[in-house]
Structures are given as C-alpha cells and as structure tokens.
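Encoded as structure tokens, the structure appears first; notes follow it.
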Amino acid sequence: LAYITSEEGFKPKDYFGLSDFLLNNIPLNTYYICTNKDIETYRTCQAIEDVLEDIRNKGNLNDERVIIKFQPIINKDNKFTKAEALMRLQVGDDIFAPDMFLPIAEHKNYSHTLSKIALHKTCLAIKELKDEGYEFVDKIVGGVIPKEYIEPINNGIKEASQTGVLAGYETVDF
C-alpha cells in the first residue's frame, strides 16, 4: 500500500505512473508514504523515457541529445593506444550517465536505437580523424558482450553497413 499526497501539477495519468513506479521499487506487503524524492525521481525517469521515445520515433542518427564522448586509454608506457566511446543522454539542461537511462531504454526497448546512434557517431568521429591524417591499426579489441546484446548489436551493424557511415572501412564477416 502506497500513500500518495496531492501534488501540484500532477494529472491523473501521473498518479497512475507514479503508482506503477512505486510498485516496482518498494517491497511487497508494506505500507509506504511517497516522499518528494520519490516524486522527483519519478519525474526524472518520466522525462528520460519521453526523450528516449522521441529519439526512437524520430530515428535521427545524428540526434544531439545522444552525446558520445571519447575517453583515451593510456598503456603502461604512457602512450595513447585507444579510446573508449562513452554515451550520455541530454534531457533538457541535464546530462545523464548510462546507469540512469539505459535501464529505462532496455525496459522500453529503445536500446537498439541508442546503439545505432552510438555506432553511427563513433564511425563519423573515426572518419574525421582519418581524414585529418590519424592512422588506425586495423583491429577491434573489446570486453565481454552479454549474450542478450549480441543479436541486437549484429542487427545494428548489418543495418549500419547498408545505411550508415562506416569510417571508410570495408565491412566483412557479418
């Protein structure tokens, strides 16, 4: 049982959404009084979900709300060897790390769209660097990919190979 007080600006659908949110985040068979922090968290999650849905519906591979930053990786000899692509999501004036938006994206099946955008933007960045004269070693190194992501990643790569920028690399072995 959750007790929710009247909140200024809340519409009936907000109460249903907040109720669902609380039911997924509080233990069963407990009495819970909804706090302002709960309402704030719900509103943040709802704003993230709205942006993710809009991104998916528009399908723009250059959507500026999906931010890709590159973190250089330095080896033991203190030399730059590679970079890791990091994704962030901009919602209004706020920028969120993946731990905040990826669970929502996965739950709502928006993660494939984010993966396509990340791959596209990363390939564009690599192409720009190649055009500026940077040399790349032709190898891909990575960690372990959870098996539930393999099929969506493969689908995204196949789709990008037909429609997107591949940074001038020949695509083989799909």
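Can you give me the distance in nm between label points at Thr30 and Asp77, each placed 7 Å from the Cα along the Cα-to-Cβ direction?
5.4 nm
Testing the spin-label approximation: label points 7 Å from Cα along Cα→Cβ at Asn57 and Lys130. State their distance in nm.
So the two model labels end up 3.6 nm from each other.
Using the Cα gyration tensor of the range 66-141, with a ≥ b ≥ c the square roots of its eigenvalues, what is the shape: rounded (a/c below 1.5), prolate (a/b larger than b/c) or oblate (neither)?
Values: a/c = 2.20, a/b = 1.86, b/c = 1.18.
Prolate is the answer for the range 66-141, as a/c is 1.5 or above and a/b outweighs b/c.
Is the shape of the range 87-131 best called rounded, prolate or oblate, per the rule: a/c under 1.5 gives rounded, else a/b larger than b/c gives prolate, else oblate, with a ≥ b ≥ c the square roots of the Cα gyration tensor eigenvalues?
Note, shape of the range 87-131 comes out oblate.
Long-range amide H contacts for Lys82: which residues qualify at under 5 Å (H placed 1.01 Å from N, peptide plane, sequence gap of 5 or more or a different chain)?
When sequence neighbours closer than 5 places are left aside, the close amide H contacts are Ile73.
Using a ≥ b ≥ c from the Cα gyration tensor of the range 24-91 (square roots of the eigenvalues), is it rounded, prolate or oblate, where a/c under 1.5 gives rounded and otherwise the larger of a/b and b/c decides, a/b for prolate?
oblate
If you roll a 1.4 Å probe over the range 22-98 with all protein chains in place, what percent of the accessible area is carbon or sulfur?
49 percent
The values are calculated or read from the model by the stated rules, or taken from the named source; none is laboratory data. The model shown is predicted, which means the values in this text are computed figures rather than measured ones. Note: ideal-geometry Cβ built from the backbone for every residue, glycine included; neighbour counts use all protein chains shown. Surface areas here come from the heavy atoms of the whole protein model, side chains and all, with no ligands, DNA or RNA. Shrake-Rupley method; radii C 1.70, N 1.55, O 1.52, S 1.80 Å.
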